[in-house]
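**Q** Can you keep this structure in mind? I'll have questions shortly.
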Amino acid sequence: MALPRAERNLAAHPQPLACRPLPRPASDTPEPTGVFLKKPDSVSVETGKDTVIVAKLNGKELPAKPAVKWFKGKWLELGSKSGARFSFKESHDAASNVYTIELHITKVVLGDRGDYRIEVKAKDFCDSCAFNIDVEGMLVGVGAKGLGSGGEAKSDTAGELDFSGLLKKRQVVEEEKKKKKDDDDLGIPPEIWELLKGAKKSEYERIAFQYGITDLRGMLKRLKKAKVEVKKSAAFTKKLDPAYQVDRGNKIKLVVEISDPDLPLKWFKNGQEIKPSSKYVFENVGKKRILTINKCTLADDAAYEVVVKDEKCFTELFVKEPPVLIVTPLEDQQVFVGDRVEMAVEVSEEGAQVMWLKDGVELTREDSFKARYRLKKDGKRHILIYSEVTMEDKGHYQVMTNGGQCEAELIVEEKQLEVLQDIADLTVKASEQAVFKCEVSDEKVTGKWYKNGVEVRPSKRITISHTGRFHKLVIDDVRPEDEGDYTFVPDGYALSLSAKLKFLGLPRLSPLPPEPPKIHLDCSGQTSENAIVVVAGNKLRMDVSITGEPRPVATWMKEDEVFTGTEGRVRIEQRGDISSFVIESAERGDEGRYTIKVTNPVGEDVASILLKVVDVPDPPEAVRVTSVGEDWAVLVWEPPKYDGGRPVTGYLLERKKKGSQRWMKLNFEVFTETTYESTNMIEGILYEMRVFAVNVIGVSQPSMNTKPFMPIAPTSEPQHLTVEDVTDTTTTLKWRPPDKIGAGGIDGYLIEYCVEADEWIPANTEPVERCGFTVKNLPTGAKITFRVVGVNIAGRSQPATLAQPVTIREIVEQPKIRLPRHLRQTYVRKVGEHLNLVIPFQGKPRPQVVWTKGGAPIDTSHVHVRTSDFDTVFFVRQAARSDSGEYELTVQIENMKDTATVCIRVVEKAGPPQNVMVKEVWGTNALVEWQPPKDDGNSEITGYFVQKADKKTMEWFTVYERNRHTSCTVSDLIMGNEYYFRVYSENVCGLSDLPGVSKNTARIVKTGMTLKLPEYKEHDFRTPPKFLTPLPDRVVVAGYAAALNCAVRGHPKPKVVWMKNKMEIREDPKFLMTNQQGVLTLNIRRPSPFDSGTYSCRAVNELGEALAECKLEVRGEPGGGGALRSTHLTLIHKADGAGQTCAL
């Protein structure tokens, strides 16, 4: 017989027992289509092993990055609250646009069995896929072990299968599966059934939700069908809850209650026994056993177990992490290729988990080795480091925590090389030294020197050097062949610096005839004016060649100032036939016309040179932001007052967030206008901007920063504009706030109206804050269209306009009084209090309101009435008894009206009772009667307050409070005294001001009395000594304090003697004997085996004696040694009215 296809595959390629896919029919495994390139497989996992569920998504089918959620059953979402055993991983392959999602479950337990679901959402797209996880023990069947043993036993049959053995094992597997199915219906483990059987009905839903049981109806039917009596636990009277949750860093107490306090108990965490420590504290309170876990961490997120004898109870502790807040967010950075970049963020918790994303794709430590970045943690700071950034690293970076997120942009640009000092033309005589020198902005840049297009190589006469930003070419002993064009070309840049070397020739040795002096300038004959331009800060050397015989004398002047110094910043140098005027670090003040005059005996020559000093321009002026939007701002500035002697070619702009020190460039090519719109800003963030001016010399200093500004946008249009009310001259509008308000908030609303397609007229000049407004003074009968706009600091929003015009005319509404509930019954007030009745009504047009009392108009001098369009107010400043009565309110519109009646009663304190009399006196009692007061204060009498007073002292004492009747009997009067009585009446306002006093008195007459004492016989309390609690035998450990306790009763108090081996124990410091109310204690300090023996206690008095004995065994000292321990048990015995106490 051939095996089915699925079992043949399993036998030929056995899967590991830890996790293997469940076989599916061929019809159930079609080729995945749609968003799921690979759907998660259903797996069977062995208890305690790990498993991984993998799914792959097609990014081409998704409109955005997907949000993935894992569910157990239908409701239970797996996330950070599911415990440390569940972890999730997502990765994205940008080349194939495939997302890989993984669910990792470590140390699978039986509770993980069930149906699972993965849900994928991306904007409006949503899809899901279900799978199953089956948890079981070691399989008995075709496994790796069975096949391996068969293969190793017979080498000659390697590769063949014992089909008969396989069929037998298959039969065993099917029987076990059938038995398992019978015992475990609905896919619910037996442990969960036991938990359900012992739970209350109100807890079924919570347990089903916790363990992912989806078929609630089937579960309830199964429980009803089972009808199994709940087996009460013999060891536990109260078990642990199924699950606990605690915030990280807090402590939690796990409490169980056991039936017998002497039963041994152990706590386990993930199968490992917990030992007491500062972290885990054990407490015993009666029958309660408490485990306290201090300062919970994620390591405490585990399964806990309590074992008492053979019984166990389980729970699971979930440690919840507090939300991790972002303290210092990321900042935008602008760098050049090759720079080192550190993007840092500071969070509120040390060791918190954060997620880095670049353009929506997660950056992980596993990928950091390929992508040249490094993730670093420094306390609360998390840092993303690029050692050498490239163009591929630019983009938007995001940091996400469970309590917030932040975002910043990294801009990477190609580095541009700036020339700080150009090389200058040289005129050199024979045998002198020529030095070409230039300075660039990057110290790392190398370059090559060329002469007439041919590279210059170093030699004995030629030296090439590179020190920092400076590059030098030095030619010693200049020769005629050295004359030419010299060029420096930086490596990697399309840039070259050129200068000329001019050779003057060899000096003549033969004597010359007299010759008048002559000045030779390089620019003679080329222009009408000799001019030299120098950059401020650079060194200027004007070398002028002069001839003449004998050698002429040169004099340099600037206007009337003659220069003669040979040292300092400005100096004169003479070298043979060359006179040099040198200025170190040229300044703007050096600009002007310089004159050189040469003279000798034959004659003289004069030449003038115009020196122009050029510099970088001054900073731009009046830099300001004129307007802002949601993510943009318009910047305006004025050109600099001084352009540095060269025209301003453009401007460079920078911006930064307020409080940050990092400026970001907005343009790399110079911007020629004086108005710039900056974009890509974040709404609600304060920014600052500055501007640099640029000319051919360089870049100016930055301008003053703009005032901090915030990009904000107008709100969206108000929502749901409707007409609430219309009269003949007004219209009341109402609306809802805009959907999008933004960081600028909303200052209010402006209402405008248009009369029959005419221009819009503003209804209010100042914005109104509430979402409602009444437009007044409208023409009656006109058709008017209304619109509302929201206003904030950014300006007006788009208007919300009514779809149809409104016709201005009155709408008749029938009058109706809405009498408040408390006025539908008699309204009671006290005299002197104010009356303030507010009664709303409705009706259009405005109704006529009339108040009457008893059909007559009310007194307007005493009663004040104020009426508005919606209510009327009835007000009396100080109410009087005369204000009581029925008031009628009438609201009338033409022939329609509505009426309401209000009953008002003004009350005050009642008068005193009348005719208070003592009607009868007998024994120590007196009967007092009176009549009700004449004035009840316009309120019902609720009772009477009765007092009595002795005629001698006239001190009044209360006899009755709130006596309902007009008579009372006063008892327990003292014989021989004479009493007066007074009565106060009481109503809702309190007691009357004056009492009614009795006109006569009650005299209590004395009568003769005889006292006869009863006979009694004194009781004999004497008893012989008797031990209520005997001495028990004891076994103690050497070195630990021991106590022998018993209790004795006897009267007179017996004398007590302690004996060891029938020898009286006398004053021995090792023994301490106490007697507390009959409780006798013998304390033995640090006993040793020598103290073992028979101890007895004898109690003796005049009526007899009693003896109690016990055996004390002292065993050897334990290995650990310990502190003193003693246990006391107190018993209380009562007999014959006397009590004795015993400590044991």
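The values are calculated or read from the model by the stated rules, or taken from the named source; none is laboratory data. On a predicted model such as this, the values are computed, not experimentally measured, just so you know. Cβ: placed from backbone, ideal geometry, glycine included. Neighbour counts: every protein chain shown. These accessible areas exclude ligands, DNA and RNA; they are computed on the full protein's heavy atoms, side chains included. Shrake-Rupley method; radii C 1.70, N 1.55, O 1.52, S 1.80 Å.
**Q** With all protein chains present, how much of the accessible area of the range 236-320 (probe radius 1.4 Å) comes from carbon and sulfur, to the nearest whole percent?
**A** 49
**Q** Would you mind getting the accessible area per residue of the chain, heavy atoms of the protein chains only, 1.4 Å probe, in Å²?
**A** On a per-residue basis, the chain sits at 59 Å².
**Q** Something else about it: To test your reading of the geometry: what angle, between 0 and 90 degrees and rounded to tens, separates the Cα axis of helix 144-153 from the longest principal axis of the chain?
**A** The angle comes out at about 80 degrees.
**Q** Please report, in Å, the Rg and the Dmax of the range 307-419, where both are computed over Cα atoms only.
**A** 19.7, 88
**Q** Net charge within 9 Å of E413 by Cβ-Cβ distance, Lys/Arg positive one each and Asp/Glu negative one each, not counting E413 itself?
**A** Result for the neighbourhood of E413: +2.
**Q** Now a separate question. Pairs of Cα atoms under 8 Å, at least six residues apart: use those to get the relative contact order of the chain, whole percent. If you can, show how the numbers build up before the last one.
**A** On the way: 2516 pairs, mean separation 41.5, N = 1144.
Relative contact order, the chain: 4 percent.
**Q** So how do 552-559, 51-58 stack up, highest first, on mean other-Cβ count within 10 Å?
**A** Per-residue Cβ counts within 10 Å, averaged per peptide and sorted highest first, yield 51-58, 552-559.
**Q** In Å, the Kirkwood hydrodynamic radius of the range 419-504 over pairs of distinct alpha carbons?
**A** Kirkwood hydrodynamic radius for the range 419-504: 13.0 Å.
**Q** Please list, in order along the range 459-474, the HN-Hα scalar couplings obtained from phi with the Karplus expression 6.51 cos²θ - 1.76 cosθ + 1.60 (θ = phi - 60°), rounded to whole Hz, x for Gly and Pro.
**A** After applying 6.51 cos²θ - 1.76 cosθ + 1.60, I find 8, 5, 8, 10, 10, 10, 9, 9, 10, x, 8, 9, 10, 10, 10, 10 Hz.
**Q** For the range 722-808, what is the charge dipole size about the Cα centre, in debye to the nearest 20, if Lys and Arg each add +1 at the Cβ and Asp and Glu each add -1 at the Cβ?
**A** 240
**Q** Kirkwood hydrodynamic radius, computed over distinct alpha-carbon pairs, for the range 236-320: how many Å, to one decimal?
**A** With all distinct Cα pairs of the range 236-320 included, I get 13.0 Å.
**Q** If you don't mind, there's one more thing I want to ask. List, in order, the whole-Hz ³J(HN,Hα) value for each residue of the range 692-697 obtained from phi through the Karplus relation with A = 6.51, B = -1.76, C = 1.60 and θ = phi - 60°; use x for Gly and Pro.
**A** Each residue of the range 692-697 in turn: 10, 9, 10, 10, 5, 7 Hz.
**Q** Over the range 515-614, what relative contact order in percent results from Cα pairs under 8 Å that are six or more residues apart?
**A** Values: 228 pairs, mean separation 38.3, N = 100.
Once divided by the residue count of the range 515-614, the mean separation gives 38 percent.
**Q** Right, here's the next one. Around A243, which amide H atoms from residues at least 5 apart in sequence, or from another chain, sit under 5 Å from its own amide H, with H modelled in the peptide plane?
**A** E316
**Q** Right, something else. For the range 326-413, give the percent of accessible area contributed by carbon and sulfur heavy atoms, probe 1.4 Å, rounded to a whole number. Kindly include the intermediate steps, with their values, before the conclusion.
**A** Working: 2090 of 4530 Å².
Of the solvent-accessible surface of the range 326-413, carbon and sulfur hold 46 percent.
**Q** A further question on this structure: Please report the Cα spread of the chain along all three principal axes, rounded to whole Å, starting with the longest.
**A** For the chain, the Cα extents along the three principal axes come out at 177, 120, 89 Å.
**Q** Can I ask one more? Spelling out what I want: for every residue of the range 56-67, take phi, set θ = phi - 60°, compute 6.51 cos²θ - 1.76 cosθ + 1.60 (Karplus), and round to whole Hz; glycine and proline get x.
**A** Working through the residues one at a time gives 10, 10, 8, x, 5, 8, 9, x, 7, 5, x, 9 Hz.
**Q** Largest first and in whole Å, what are the equivalent-ellipsoid semi-axes of the range 608-703 based on the Cα gyration tensor, each being the root of 5 times an eigenvalue?
**A** Value: 30, 12, 10 Å, ordered largest first.
**Q** Here is a further query. For the range 606-656 and the range 1046-1099, what is the separation of their C-alpha centers, rounded to whole Å?
**A** After rounding, the separation between the Cα centres reads 108 Å.
**Q** Continuing with the same structure: Once the Cα gyration tensor of the range 1005-1045 is found, what semi-axes does its equivalent ellipsoid get, as square roots of 5 times the eigenvalues, in whole Å, sorted largest first?
**A** So the equivalent ellipsoid measures 60, 16, 6 Å along its semi-axes.
**Q** While we're here: Using only the alpha-carbon atoms, how far is helix 163-183 inclined from the longest principal axis of the chain? Give it as 0 to 90 degrees, nearest 10.
**A** Approximately 60 degrees, to the nearest ten.
**Q** Still on this structure: Show the residues, 5+ positions off or on another chain, whose built amide H is closer than 5 Å to the amide H of S259.
**A** F236, T237
**Q** Let me ask another. Any number yet on Rg/Rh for the range 643-697, C-alpha, Kirkwood?
**A** Answer for the range 643-697: 1.04.
**Q** Then there is this: Calculated from DSSP H runs of 4 or more alone, at -39500 (n - 2.57) each and per residue, what is the 222 nm mean residue ellipticity of the chain, nearest 500?
**A** When only DSSP H runs of four or more count, the value is -2000 deg cm²/dmol.
**Q** Something else about it: Using a 1.4 Å probe on the protein chains only, how many percent of the accessible area of the range 626-699 belongs to carbon and sulfur?
**A** Carbon-and-sulfur percentage of accessible area, whole number: 49.
**Q** If packing is taken as the average count of other Cβ atoms within 10 Å, what order do 453-466, 624-637 fall into, highest mean first?
**A** So the order, starting with the most tightly packed, is 624-637, 453-466.
**Q** Need one number for the range 886-1038: average projected area of the convex hull over its C-alpha atoms, nm². Could the numbers behind the result be given before it?
**A** Values: hull surface 119.8 nm².
Mean shadow area of the hull around the Cα atoms is 29.9 nm².
**Q** Roughly how many debye, to the nearest 20, is the charge dipole of the range 626-699 about its Cα centre, given +1 on each Lys and Arg Cβ, -1 on each Asp and Glu Cβ, and no other charges?
**A** My answer is approximately 420 debye.
**Q** Under unit Cβ charges (Lys, Arg +1; Asp, Glu -1), what dipole magnitude, rounded to 20 debye, does the chain have relative to its Cα centre?
**A** Approximately 6700 debye in magnitude.
**Q** Next up: With a cut-off of 8 Å between alpha carbons and a minimum separation of six or more residues, what is the relative contact order of the range 596-738 in percent?
**A** 25
**Q** Under a 5 Å amide H to amide H cut-off, with H placed in plane at 1.01 Å, what residues pair with E621 once short-range neighbours are removed?
**A** Result for E621 returns E638.
**Q** Plugging the Kirkwood radius over Cα pairs into Stokes-Einstein for the range 1027-1074, at a temperature of 25 °C and a viscosity of 0.890 mPa s, what D comes out in µm²/s?
**A** 190
**Q** Let me ask something else about it. So how much accessible area does H471 have, in Å² to the nearest 10, using a 1.4 Å probe?
**A** 10
**Q** Could you work out the percent of alpha carbon pairs in the range 813-907 separated by over 17 Å, rounded to a whole number?
**A** Values: 2136 of 4465 pairs.
Pairs farther apart than 17 Å: 48 percent.
**Q** For a protection proxy built on the mean count of beta-carbon atoms within 10 angstrom, sort 581-589, 280-288 highest first, please.
**A** Averaged packing, sorted descending, gives the order 581-589, 280-288.
**Q** Follow-up. Report, please, the projected area of the range 744-827 averaged over directions, based on the convex hull of its C-alpha atoms, in nm². All intermediate terms of the calculation are to be shown ahead of the outcome.
**A** Working: hull surface 37.6 nm².
Average projection, Cα convex hull of the range 744-827: 9.4 nm².
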